[in-house]
Amino acid sequence: MIFKHNCQYISSLIFNVTLLIKILFISLATNAQSHEVNPAIADILQKKDGVQLEIRLNIEALLSGIDLSNVSNTDEAKQSAKYDFYRGRSDIDLKSDFSEIWPSIETEIKIKQDNELVALRLKNIIVEGQENFDYPRFSTIVFVASVDPYRPFSFQWSKVYGDIVLRGQGSVNGFTQYLQAGIESSDITIGKQPEYKFSKVFFEYIPVGFTHIIPKGLDHILFVVGIFFLSTKLSALFWQITFFTLAHSVTLAMASLGIVRISPSIVEPLIAASIVYVAVENCYSKTLNLRRSIIVFCFGLLHGLGFASVLADFGLPIQQFVPALVGFNIGVELGQISIVLILFGLIGYWFNTKIWYRKLITLPISSVVGLIGLYWFFERVI
C-alpha cells in the first residue's frame, strides 16, 4: 500500500515536471515578438488606371522563403537563420533585395476579373525604420491592378504567404475580408458600396479570435492556466471564466470603438503582472472567494484592451463592427474554453481529489507560470 502510494507521488511528480518544462520551453520559444507571424494587411483603393493595393507585410519572411501558413513564429521555420540575416539588413538593402524577387512574387498574387488574370504593376516599396529589434519590422508594397473598380474582381495569393486582411478604401462604407492562407476572396467592388452580410463577417472573425488565443496568445493562455489551478471544480471555473469574459468583452468593445485608448506599452506589462498576481495567489490561497472573482474581472478589463489591439490593426469599417466584434469575441471564448477542457481532461479529472494535488501540481505549476509572467513584465517594461 505504501509502495503504491509512493508510486502515485513519483508518477505525478514526473508528469508535473514534464509539463512545467514544456510550458517554460514554449513560452521562451514563442515570446520573441520580433519573430511572431502576423497577418498581412492590404488596403485597396480606387485609382484612374484600376485599383491600387497597399500590402503591409513582413518582407523578411518572403525573402527567406518561409511558409507562413505552417508557423506562428519564424523561429519554428528551417529558414530562421536566413530570416535573421534579412532582419539585420538596412532599409535600402532590404528594398533592393525585394525588388529583385518581385517578378516571382507577382506570379503568386492572382487578381481576377471575369475569370481572367489581370496585369500588376509595382509602384513602390516602403520599408519602415528598424529602431527596435524587439518588434517586427513591417514594409508596404504598393502596386496597381488593371481592373474595372465598378465590376467585381477577386484577390488570392500563395498559401505560403500566410493570412491576409483585405480592407476596401474609398467607398462609402468600405469593407473587410479576413482570408485564411491561400483562400480566394469573395467578389470585391470598390466603385460602389458592397453588399453587407452579417453572417459572412461573423463567421470570418471566429477563427481570428480563436487563433489569437491558440496558438498566438500565450500570455492569455497562462492567465487562464492560473485561473484553472486555484480550483479545478467546474462550478468554480465557470464563475471565474464568466467574470473574465464579461470584463474583457466590455473593454474590447470600448477600445474597438475608440472610447478607451491606452498605450500597449502600458497594457502589455500590466497583462504580464496579472499573470504574476494570479499565480502568486494560487500559492497562498486554497479556496475560491468573491475577492478572487472581482480581481479576475479587473484583470479581464486589461486583457480586453490587449484583444482590441488585434482588431485595431484591421481597421474595421463601422458598419461591419458588430459582426466582426461578436465573431472575434466568440472565437476568443472558444479558445479559452478549449484550454480549460484540455487541462481538466488531462489533469483535473484524474488528480484533483488527490491529497497531494496542491503540493505536487498546483504550487509548482503556479510558481513557473508566475516566473514566466515576471520575466515578461520586466521584458516589456525595460
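Scanning segment 329-369 for residues that are more than 22 Å from the chain's Cα centre (by Cα) and part of a helix (DSSP H, G or I) yields a total of 20. Taking the criterion of being part of a helix (DSSP H, G or I) and either surrounded by fewer than 20 Cβ atoms within 10 Å (Cβ to Cβ) or among the charged types (D, E, K, R) (or both), the residues of segment 277-297 that qualify are Y277, V280, E281, C283, Y284, L290, R291, R292, S293, I294, I295, F297.
Quick one: count up the residues across segment 332-365 that are of a type in the set (F, W, Y) and within 15 Å of F244 (Cβ to Cβ).
Qualifying residue count for the region: 0.
Residues are listed down the side, and each one gets a yes or a no for (1) at pLDDT 50 or above; (2) under 23 Å from the mean Cα position of the chain (by Cα); (3) surrounded by fewer than 19 Cβ atoms within 10 Å (Cβ to Cβ):
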site	(1), (2), (3)
L24	no, yes, yes
A29	no, yes, yes
P39	yes, yes, no
K47	yes, no, yes
E54	yes, yes, yes
I59	yes, yes, no
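Remark: T362 falls outside the filter, which requires a residue to be β-branched (V, I, T), without any contact (Cβ under 8 Å) to a residue 40 or more places away in the chain and at negative phi.
For the criterion of being at positive phi and in the same structural domain as G370 (by TED's automatic domain parsing), G258 passes.
Checking K110, K48, K82, K78 one by one, the residue that is of a type outside the set (A, V, I, L, M, F, W, C) and either under 23 Å from Q177 (Cα atoms) or touching a residue at least 40 places away in the same chain (Cβ under 8 Å) (or both) is K110 and no other.
So that you can scan it fast, the table gives a plain yes or no per residue for (1) of a type outside the set (A, V, I, L, M); (2) modelled with pLDDT under 85; (3) buried (at least 22 other Cβ atoms within 10 Å of the Cβ):
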residue: F299; (1), (2), (3): yes, no, yes
residue: F307; (1), (2), (3): yes, yes, yes
residue: I342; (1), (2), (3): no, no, no
residue: F351; (1), (2), (3): yes, no, no
residue: W356; (1), (2), (3): yes, no, no
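Yes/no per residue for (1) aromatic (F, W, Y); (2) surrounded by 19 or more Cβ atoms within 10 Å (Cβ to Cβ); (3) at pLDDT below 90:
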position	(1), (2), (3)
V118	no, no, no
D134	no, no, yes
Y161	yes, yes, no
S199	no, no, yes
G209	no, yes, yes
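Check whether at least one residue in segment 178-193 is part of a helix (DSSP H, G or I) and more than 17 Å from the chain's Cα centre (by Cα), and report yes or no. There is no residue in segment 178-193 that is part of a helix (DSSP H, G or I) and more than 17 Å from the chain's Cα centre (by Cα).
The values are calculated or read from the model by the stated rules, or taken from the named source; none is laboratory data. Since the model is a prediction, treat every value here as computed from it, not as a measurement. As a convention, Cβ positions derive from the backbone with ideal geometry for all residues, glycine included, and neighbour counts pool all protein chains shown.
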